[in-house]
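Structure, as structure tokens:
Bear in mind that the values in this text are calculations on the coordinates, not laboratory data. Just so you know, these numbers come straight off a predicted model, no measurement behind them. FYI the Cβ positions are ideal-geometry reconstructions off the backbone, even for glycines, and counts take in every protein chain you see.
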Amino acid sequence: MITNNTTPQISVVVPLYNEEESLPELVSWIDSVMQKNNFSYEVIMVDDGSKDNSWSVVQSLRAQYPQVKAIRFKRNYGKSAALYVGFDAALGNVVITMDADLQDSPDEIPELYKMIVEDDYDLVSGWKKKRYDNALTKNLPSKLYNAATGWVSGVKLHDMNCGLKSYKREVVKSIEVFGEMHRYIPVLAKNAGFSKIGEKVVEHRARKFGVSKFGMDRFVNGFLDLISITFLSRFGKKPMHFFGALGTLLFIVGFSIGVYLAVAKFVWEAYKMTERPLFYFALLAMVLGTQLFVAGFLGELINRNSSERNNYLIGEKLGIDNH
């Protein structure tokens with residue numbers, strides 16, 4: 001790993017939304033762990049359009065702790081957007097993410113750092129084996145979600161969506177987190193070629209302040225995102241391979257049925273082709289096949305001329321250089 005006088009060993013990226021009460025304790029705790037282990041570090045706090053006094057608290061923390069850096073969105077974009085800009089700003093050789101609600105313990109940082117630096121993992125995901133969430137509304141759906149994601153993606157983790165993770169710098173600079181894809185960062189890393197993905201049992205602490213920002217809709221969105229990321233990983237760079245192949249197959253099936261009906265009409269028996277239900281199936285197959293083929297072609301054109309997906313309005317930065 002590259003180390004110089006201006007490169008911190010660790011960048012801690014903290015997305016936050018309406019967490020004014022927990023921020024002072026969190027930053028103090030992180031600083032205590034870093035000082036105890038003699039780590040050089042930075043904390044990058046990304047305020048995702050908070051409606052409370054979170055930004056004022058961040059400003060006061062910046063004055064107290066020079067290692068604190070911050071970015072404030074003009075409005076709420078979501079956790080993926082916050083992680084994206086945090087990753088972009090991170091300078092550390094090891095990047096660690098954690099939530100701002102004090103349910104993630106900074107005491108896990110030394111071991112997460114060690115697993116990256118000494119054990120040479122590309123990414124280490126936390127596993128909150130003992131949880132304090134509601135068993136029915138959170139724990140059970142999470143287990144089903146993790147099992148389904150592992151089966152589809154091949155990345156076997158007990159807690160895919162755990163906010164406490166550590167990464168090699170190259171990983172966060174090589175993946176693009178957008179939409180709601182923060183749930184699938186290990187899958188994104190694997191698709192980018194970083195295959196050494198580990199897991200560590202971490203402490204899950206009961207929420208001390210406020211309420212959870214995530215509702216039941218995250219499971220529906222998570223399922224849709226899983227379909228999206230699976231498709232994008234396989235056909236994102238070659239949409240014609242999917243739509244074109246399927247469209248061609250449907251067109252050939254429809255055309256073949258049409259030829260059969262025409263031959264049967266003139267060779268074996270005379271009838272009106274429009275009276276045969278099979279005729280309309282053949283017509284539908286050819287129309288759908290043509291549409292899918294055109295969709296694949298348009299997908300290729302869009303893919304070759306796509307603009308930046310991650311474009312967010314930033315209200316203010318503290319200690320962040322444009323790079």
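Structure above, values below:
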{"item": "Unsatisfied cross-links (Cα-Cα over 20 Å) in the set Lys143/Lys173; Lys74/Lys317; Lys79/Lys165; Lys156/Lys200", "result": "Lys143/Lys173"}
{"item": "Most to least packed among 30-43, 157-170 [average Cβ atoms within 10 Å]", "result": "157-170, 30-43"}
{"item": "Environment charge at Ser32 (Cβ cut-off 14 Å; Lys +1, Arg +1, Asp -1, Glu -1)", "result": "-3"}
{"item": "Per DSSP, loop chymotrypsin sites (Phe, Trp or Tyr not before Pro) in the range 65-133 with at most 14 further Cβ within 10 Å", "result": "Tyr132"}
{"item": "Nonlocal amide H pairs with Val201, under 5 Å, H built at 1.01 Å", "result": "Trp127"}
